[in-house]
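J.: The following block contains the structure, expressed as structure tokens.
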Amino acid sequence: MTTGAGSLRVLVVNDEPANRRLFRDGLSSQGYVVSELEQGLAAVDVARRNGADLIVFDLGLPGVDGIEVISRIRATGSSVPIIVLFSRSDEAAKADALDIGADGYVTKPFGIDELLAGIRAAQRHRLQREGDTPVFRSGDLTVDLVRRTVTVRGEAVKFSPREYAVLQLLVQHAGKVLTHKMILKEVWGADTDVVQYLRIYIHALRLKIEQDTERPVHILTETGVGYKVATQ
């Protein structure tokens, strides 16, 4: 057993016994403490009791609206990281889950290594969100959220107020995919829902912080969903 996962408690919510066994065996072998549920609403009570450090939630559970369950978990005040599993054909549900408070996703079918990577990314996002350091560093990019300064390869970079607002939001949620809808709401408010505006600003940011805008390493695109800032 590895020790990298510590004693992280992972709750797996899935209605298929074979899938739960796969998750249990794969996650336990990496040092995670695994518990299981067959239906989603019971996960709300677990979150309310702080009974898990991370939840792996299958959006395809029968007889329950997964989006509603995630909404109820967040309504309890819980910030427990949630990773959703969804079918490739259900792109709309993926965006809805991220909008309502999920921290990451894995597309079915998938291997246990992909799930483990998703768990690690969700944990990094939580640490970034709850950490006490105001300075974000990733590769050659440094963002000081207190001084509102940005350096790339040691050189200071200037941004317009709205460019910085987009970058700041992404950095504050580093490692998590933020949907187009979420970014537009947070930065533009009710002014617009036009995704093209956002694409223009993302392109402007990449021109200033990426060495190769065709192969960005800092601001990554999740096609059809949104953007995230990579953590390195």
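The values are calculated or read from the model by the stated rules, or taken from the named source; none is laboratory data. Predicted model, so just to flag it, every value in this text is computed and none were measured. For neighbour counting, all protein chains shown are included, and Cβ atoms are generated from backbone atoms with ideal geometry for every residue, glycine included. Calculation scope for accessible area: heavy atoms of the full protein, side chains included, ligands and nucleic acids excluded. Shrake-Rupley method; radii C 1.70, N 1.55, O 1.52, S 1.80 Å.
J.: Please verify whether Gln211 is farther than 27 Å from Phe86 by Cβ, out of contact with any Cys (no Cβ under 7 Å at 6 or more places or on another chain) and polar (S, T, N, Q), treating the condition exactly as stated. Let's see the steps before the verdict.
T.: Details: farther than 27 Å from Phe86 by Cβ: yes; out of contact with any Cys (no Cβ under 7 Å at 6 or more places or on another chain): yes; polar (S, T, N, Q): yes.
In short, yes.
J.: Condition first: more than 17 Å from Arg9 (Cα to Cα) and polar (S, T, N, Q). Can you find one or more residues in the stretch 42-60 that meet it?
T.: no
J.: Among the residues of the stretch 7-22, what is the count of those that are open to solvent by 30 Å² or more (accessible area, probe 1.4 Å) and of a type in the set (S, T, N, Q)?
T.: 2
J.: Which condition number does Met1 fail, the rest of (1) surrounded by fewer than 22 Cβ atoms within 10 Å (Cβ to Cβ); (2) closer than 18 Å to Pro81 by Cα; (3) at pLDDT below 90 being met?
T.: The failed condition is (2).
J.: List the residue pairs whose Cβ atoms are under 6 Å apart, where the first residue sits in the stretch 80-93 and is open to solvent by 70 Å² or more (accessible area, probe 1.4 Å), the second is of a type outside the set (S, T, N, Q), and the two are 6 or more positions apart or on different chains.
T.: Glu91/Gly224
J.: Assess whether Arg74 counts as being in contact with a Gly (Cβ under 6 Å, 6 or more places away or on another chain), basic (Lys, Arg) and crowded, with 16+ Cβ neighbours inside 10 Å. Before you say what the answer is, go through the steps one by one.
T.: Numbers: in contact with a Gly (Cβ under 6 Å, 6 or more places away or on another chain): yes; basic (Lys, Arg): yes; crowded, with 16+ Cβ neighbours inside 10 Å: yes.
The answer is yes for Arg74.
J.: If you don't mind, there's one more thing I want to ask. In the stretch 113-147, which residue that is open to solvent by 50 Å² or more (accessible area, probe 1.4 Å) and at pLDDT 85 or above is nearest to Pro216 (Cα to Cα)?
T.: Ranking the qualifying residues of the stretch 113-147, first place goes to Gly139.
J.: Could you list all residues from the stretch 57-71 that are of a type in the set (Asp, Glu) and open to solvent by 50 Å² or more (accessible area, probe 1.4 Å)? I'd like the intermediate steps shown before the answer.
T.: Of all residues in the stretch 57-71, those of a type in the set (Asp, Glu) come to 58, 65, 68.
Correct list: Asp65, Glu68.
J.: Here's another thing I want to ask about it. Does Leu59 fit the bill of being hydrophobic (A, V, I, L, M, F, W, C), under 22 Å from Ala93 (Cβ atoms) and in contact with a strand residue (DSSP E or B) (Cβ under 6 Å, 6 or more places away or on another chain)? Can you show your working first?
T.: Values: hydrophobic (A, V, I, L, M, F, W, C): yes; under 22 Å from Ala93 (Cβ atoms): yes; in contact with a strand residue (DSSP E or B) (Cβ under 6 Å, 6 or more places away or on another chain): yes.
The answer is yes for Leu59.
J.: Restricting to the stretch 196-222, count the residues that are more than 14 Å from the chain's Cα centre (by Cα), aliphatic (A, V, I, L, M) and open to solvent by 40 Å² or more (accessible area, probe 1.4 Å).
T.: Total meeting the criteria: 3.
J.: Also, quick follow-up: What residue, among those in the stretch 25-44 that are β-branched (Val, Ile, Thr) and at pLDDT 90 or above, is least open to solvent (accessible area, probe 1.4 Å)?
T.: Within the stretch 25-44, the match that is least open to solvent (accessible area, probe 1.4 Å) is Val44.
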